[in-house]
Structures are given as structure tokens and as C-alpha cells.
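Asker: Dropping the structure in here first, questions after.
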Amino acid sequence: WGSLGGLMGHEMTHGFDNVGRLFGPDLTLKSWWDKGTSQRYKQRANCIGDYYASFQADGHHVSGNGTLEEDIADMGGLTLAYHAMLSSR
């Protein structure tokens, strides 16, 4: 569940990260979420960006906005893998 589940969940989550969410069901670049959904998504994405920006490497803060696409996918992948593990018990 850990490594394979995390990897698969990570890649699946890219469809809903800060870039993937901008592509509609027909794979064209367009805004297809309603305003309320987009606003709630951005608030939650900002929480992830702020969380990662709190980390330091070699005395420098991580760029939470610069790594947001991957950070969302990492958190989504681990969450999916965790819930898959729980449901298998």
C-alpha cells in the first residue's frame, strides 16, 4: 500500500492538482469548475503551499508555490494509499 499505492495515487491526483484541474473532461484548457468549487480548491491548495513553505533545506525555505503541483500530488497519493490500506482490513 505504501510505495505502489502512493505512486499510483500521486499520478492520479495530478489530474486534480493546480494544473490538471484546468483541463476539462474533453482535455481542453478551460475553467469547468463553478466559482465556489474553485475558491474552496484554491483555499485548500494555499494551505498545502503554506505547509510546504514551512520546511527548510540547507537553511532555505521550500517554495510552497513553486512545488505546489507536486506537493498536492504527494499529499493526494499518500492519502489515497492510506485509505486503500484501511479499507483492505
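Asker: Evaluate the relative contact order of the chain (contact order divided by residue number), counting alpha-carbon pairs under 8 angstrom at least 6 apart; express in whole percent.
Answerer: Numbers: 94 pairs, mean separation 42.6, N = 89.
After rounding, I find 48 percent.
Asker: On to the next question. Could you tell me which label, among (1) 142; (2) 93; (3) 121, carries the value of volume of the Cα convex hull per residue in Å³ calculated for this structure?
Answerer: Entry (3).
Asker: Lys and Arg at +1, Asp and Glu at -1: add these up for the other residues within a Cβ distance under 15 Å of ILE72 and post the number.
Answerer: On the way: positive: ARG21, ARG40, LYS42, ARG44; negative: GLU11, ASP17, ASP50, GLU69, GLU70, ASP71, ASP74.
Net local charge, ILE72 excluded: -3.
Asker: Compute the FRET efficiency between GLU11 and LEU86 as 1/(1 + (r/R0)^6), taking r as their Cβ-Cβ distance and R0 = 22 Å, and round to the nearest 0.05. Don't skip to the end; give the middle numbers.
Answerer: On the way: r = 21 Å, r/R0 = 0.94.
Calculated value: 0.60.
Asker: Using a 1.4 angstrom probe, figure out how much accessible area the chain has per residue, in square angstrom, rounded to the nearest whole. All intermediate terms of the calculation are to be shown ahead of the outcome.
Answerer: On the way: 6370 Å² over 89 residues.
Normalised by residue count, the accessible surface of the chain is 72 Å².
Asker: Also: When ranked by the protection proxy of mean other Cβ atoms within 10 Å per residue, highest first, what sequence do the peptides 61-72, 35-46, 14-25 form? Can you show the working numbers first?
Answerer: Details: 61-72: 16.3, 35-46: 11.8, 14-25: 14.4.
So the order, starting with the most tightly packed, is 61-72, 14-25, 35-46.
Asker: Continuing with the same structure: From the helices alone, meaning DSSP H stretches of at least four residues, give me the mean residue ellipticity at 222 nm for the chain, per-run term -39500 (n - 2.57), in deg cm²/dmol to the nearest 500. Before the final figure, lay out the partial values.
Answerer: Working: 3 runs with 50 residues, N = 89.
The helix-only estimate for the chain comes to -19000 deg cm²/dmol at 222 nm.
Asker: Follow-up. In whole percent, and with a 1.4 Å probe on the protein chains, what portion of the accessible area of the chain is carbon and sulfur?
Answerer: Values: 3860 of 6370 Å².
Here it works out to 61 percent.
The values are calculated or read from the model by the stated rules, or taken from the named source; none is laboratory data. These numbers come from a predicted model, not from an experiment. Here the Cβ is made from the backbone with ideal geometry for all residues, glycine too, and neighbour counts use every protein chain on show. Remember, those area values only see protein heavy atoms, side chains included, never the ligands or the DNA or RNA. Shrake-Rupley method; radii C 1.70, N 1.55, O 1.52, S 1.80 Å.
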